[in-house]
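What follows is calculated from the coordinates using simple rules that are stated; it is not laboratory data. Worth saying up front: this structure is predicted, and the values here are computed from it rather than measured.
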Amino acid sequence: MTNIIYQLLLWFITIVFLGRILAQIFVGIYSPTYLPKMDMWYSGLMPYPILLTYQIFIYTCMVIFNFCLYMGRGPLFLILNDKTSTYYIYFGVLYFALMIIRFIIHKIKEPEITWPRGSIPIFFHFFLAIYIILLGSYSYFKVVIIS
């Protein structure tokens, strides 16, 4: 995998996640008819203001990690090395698999509910899982970092 493809994938996922955050805020404020209703954007397990705080934190980490990988130095490399990369991949694959199971359970428990009710959060968790797998793949693919 070349550096540019790797960087583009990470930035694409980061932008998709930002789009999710902004769309949910937009729906919460304006309730447009062309987007799913607010209750479809999250599971309701935690209040939306707390969820939004976590989402902004995750997005900020993603941006910092992307720049660290681009520069080849920074705080990301304190937690990402040849030894820990494998754990990122395992965690990302487990996270992805759990979201598949969550989606299946959701569809079994509530088959009458159609897309996107309950599926939007799961869909974006897939993106986050892939992002984690890509972070772990940094050492595995021996991505050449631009210095």
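Evaluating kT/(6 pi eta Rh) at 25 °C and 0.890 mPa s, with the Kirkwood radius of region 5-46 over Cα pairs in the Stokes-Einstein relation, gives 212 µm² s⁻¹.
Directionally averaged projected area (region 3-74, Cα convex hull): 5.8 nm². With the alpha-carbon atoms of the chain aligned to their principal axes, the span from lowest to highest coordinate is 49, 32, 25 Å, starting with the largest.
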